[in-house]
Each structure stands twice: as C-alpha cells, then as structure tokens.
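Just so it is clear, none of the values below were taken in a lab; they were calculated from the coordinates. Since this is a predicted model, take the numbers as computed values, not measurements. No Cβ is skipped: glycine too gets one built from the backbone with ideal geometry, and neighbour counts run over all protein chains shown.
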Amino acid sequence: MLRFANQQLFYLLWLVPLLAVFYWYVFKKKNQAIRKFGSPELMEKLMSGTRRRRQHLKSVLMVFCAGLLLFSLTRPQVGTRLEEVRREGQDILVAIDVSKSMLAEDIRPSRLEKAKREISLIIDKLQGDRIGIIAFAGEAFVQCPLTLDYGAAKLLLSVINVDLIPVPGTNVSAALRKAIETFEQKERKHKILILITDGEDHEGKAEEFAEAAAIEGIVIYTVGIGTPEGVPIPDYDETGNRIGYKKDRDGQTVVSKLDSYTLEKIALTTSGKYYNATPDESELDLIYEAISSGEKKELGSMNFTQFEDRFQAILILFLVIAVSEFFLTEKVRLKKEWQGRFR
C-alpha cells in the first residue's frame, strides 16, 4: 500500500511545470535573438562549438531532478512494520488541599487556584511517568487514579473546588493515608507524593503517617501554599457572592496561616524536601529535577504500526541524474585538420 507522510507538500509539484515553462521561454527568446543577429546558416557556423541538443537535454534533466526532489519531500511509504515502544517512569501522586482555607488570597488569585496551576504545570513536565490526584479536606479521596493519560488528569484537575468534599477541615493525615493505600503495596520504590497544602493538620497524625510512607518507600515533596502571617478566609453565599470572612463560634474572624514546620517534618521523614510556593513556580523545576533523576521502572509497552519510508531510492536517483547533468558539457571539442609549424 502506497501512502505519503507529507501529503500537504504535493502542492510544491506545481513548481515542476513552471520550471519547464521557464526553460521553454528562455530557449524561445534565445532563438529569436539568434535570428535577429544573423542568418541561420551563419549563426550555425559561428555556434559550431556548442551543442544545442545538449542544452535541451540538460534542461530536461534539471526539470526531472526538481520533480524527483519535490516528490521525495512528500515521503512516499510502502509497507509496514510493528515497533514496540516501552514507557519508563515513576508513579506520582499529587495531593491537593481543597479545604475552605485554600480560598485565602495571600497568594493570588487564591491558594487553591495557585495549587491547581502548579499541578497543571507538573503534568506538563512529565515524560512517561504515571500521575494521579488526591483531593483532601476533612477526608481524602482519589480524584484521578494513576494514569498515563495526562489530558484526562488535567480535565479532572480542572473541576476541583472547595465544595468537592463535604467534610470540612484540613486533614493532611487523611491525604497521606490515602496515598499509601493508592500506591502499589508490593513495591518499595518508584513512588512519589507531592503534597500541596497550607499545612494545617487538624487530626495531628501527619508525622506518624509520614513514617509509614517512608517504610513503604514513598518520597514526599511538600509545597507550602500561603504565608506565615496568615489572612482571613473569604466567605461566599450560594450564588458565589462574597459576604465577608469566615468566623468561628465566638464570632472572631478566622485567620489561616501556613504551617511550614509540619510540612518540613513530613518531607524530611521520607527523604523528600519542602518548598514554598513562589510566584514564578521555580520550585516546580527543582521538584521535577529531583523526580527525573530517580530510578525509573517500566510502566508498560505499546505496539505501533510504523510505515516504511521509500524516499531514499528517489533521492539516490536524483543525485545520479544531478551529477550526470553537471558533467554533461555543452561545448564540442573542434578537430584540427592540420597542425604544423612554420620554419
């Protein structure tokens, strides 16, 4: 079966007849000029050192070469072969805090939107790793199972909001527990957890679960979203209009602060590292560099039908004809009827 990999380049073949017309026009003008200069018999004798047929032949060869070259650019393909592509990488879970405190605006436009942007950029950087997403507030659940489909992961990420989990609060311990359950239990490596939160752990068992994660071979990188000084948490009505700031039972405005100490402890326990979220997302480069330098495992293989290119033979023919045209001379060596010297 004949197919062309670059069918869109067929329009370039229009250059071949244009080149042929160009040569025809040049030879026509040349003949007109010769007839104006003198009689045909006289001009034939004056131009006896030039073979005009060879001029025509060289122009035909040039047109043919142009056609071959342009045709080869369309990449004609005949035949197929099966090619196995193996994918290697690591299993990466990203746990995102979706509690009400993530609505705080000490990081614009909000902590949650910043976290979602960072996860999206992480997915864009991946090359062969499986990615999964865990959303957590007062409890945690798997929003996206481990997958190689990055498009699906970003689609599921886009619908995350603070109303996703009905149980209020920030339970980092629940996120760590869910991550341990989600990773394959038989392995003790190739497992990465990126935890993005403001660090407020209402259950208070985050360090215990971090130790359990370390035993399972999970390396945790924590990203702190927010500021140590803290800011009030915006409050919205059912229609999405801001009605003020959240208050506690005593009527005091709730201030949400970044708990970097807890996040640092979690990361260090699992040989990971803690990062502060920055406006330029420079921490993502550091995290990805650390992930990509780690040992990888085979995550699967797929067989692809690969079409066989056949343009090489056309290019060889083009080179042969082009070289022949180059050495084909238009001049004729005139024979000398008598050679001698005067005494």
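List the trypsin sites (Lys or Arg not before Pro) within region 192-251 that DSSP assigns to loop and that have no more than 13 neighbouring Cβ atoms inside 10 Å.
Arg249
Determine the relative contact order of the chain: mean sequence separation of Cα pairs under 8 Å and six or more apart, normalised by residue count, in whole percent.
Relative contact order, the chain: 23 percent.
Can you tell me how region 97-191 classifies by the Cα gyration tensor, rounded, prolate or oblate, using a/c under 1.5 as the rounded cut?
Judged from the Cα gyration tensor, region 97-191 comes out oblate (a/c at least 1.5, b/c at or above a/b).
Counting only residues 5 or more places away or on other chains, whose amide H sits under 5 Å from the amide H of Val223 once H atoms are built in the peptide plane?
Hits under the 5 Å cutoff: Leu195, Ile196, Thr197, Tyr275.
Under a 5 Å amide H to amide H cut-off, with H placed in plane at 1.01 Å, what residues pair with Gln143 once short-range neighbours are removed?
Placed amide hydrogens put Ile133, Ile134, Ala135 under 5 Å from Gln143.
How large is ³J(HN,Hα) for each residue in region 254-267, as worked out from phi by the Karplus curve 6.51 cos²θ - 1.76 cosθ + 1.60 (θ = phi - 60°), to whole Hz, x for Gly and Pro?
With coefficients 6.51, -1.76 and 1.60, one gets 7, 10, 9, 10, 6, 9, 6, 4, 4, 5, 5, 4, 4, 5 Hz.
Does region 91-295 classify as rounded, prolate or oblate by the C-alpha gyration tensor (a ≥ b ≥ c root eigenvalues; a/c under 1.5 gives rounded; else a/b over b/c gives prolate, otherwise oblate)?
prolate
Could you rank the peptides 154-162, 254-262, 219-227 by their average count of other C-beta atoms within 10 Å per residue, with the highest value first?
So the peptides 154-162, 254-262, 219-227, ranked by packing, come out 219-227, 254-262, 154-162.
Out of Glu238, Glu281, Glu113, any idea which swings most in a Gaussian network model of the chain, alpha carbons joined below 10 Å?
Fluctuation is largest for Glu238.
Taking only DSSP H segments of four or more residues, each worth -39500 (n - 2.57), what value at 222 nm results for the chain once the sum is divided by all its residues, to the nearest 500 deg cm²/dmol?
-12500 deg cm²/dmol
Within 10 Å, Cβ to Cβ, of Thr269, how many net charges do the neighbouring residues add up to if Lys/Arg are +1 and Asp/Glu are -1?
-3
So what J values fall out for region 220-237 if you push phi through Karplus, 6.51 cos²θ - 1.76 cosθ + 1.60 with θ = phi - 60°, rounded to Hz, Gly and Pro as x?
In residue order, the calculated couplings are 10, 10, 9, 10, x, 9, x, 10, x, 5, x, 9, x, 9, x, 10, 10, 8 Hz.
Could you work out which residue, out of Leu176, Leu93, Leu19, moves most in a Gaussian network model of the chain, that is, has the largest mean-square fluctuation with Cα springs under 10 Å?
Of the options given, Leu19 has the highest mean-square fluctuation.
Ordered by residue, what ³J(HN,Hα) values in Hz, to whole numbers, does region 144-150 give under the Karplus form 6.51 cos²θ - 1.76 cosθ + 1.60, where θ = phi - 60° and Gly and Pro are x?
My calculation for region 144-150 gives 9, x, 4, 8, 9, 8, 5 Hz in order.
Using a 7 Å offset from the Cα along the Cα-to-Cβ direction at both Val323 and Tyr11, what is the distance between the two label points in nm, to one decimal?
Label at Val323, label at Tyr11, 3.6 nm between them.
Ranking Asp285, Asp198 by Cβ neighbours within 10 Å, fewest first, what do you get?
In increasing order of surrounding Cβ atoms, one gets Asp285, Asp198.
What residues qualify as long-range amide H neighbours of Glu88, i.e. H under 5 Å apart, gap of 5 or more or another chain, H built at 1.01 Å from N?
Leu299
Helix 111-125 versus the longest principal axis of the chain: what is the Cα-based angle in degrees, 0 to 90, to the nearest 10?
40
Between Glu208 and Tyr23, what length in nm is gained on full extension when 0.36 nm per residue of separation is reduced by their alpha carbon distance?
58.2 nm
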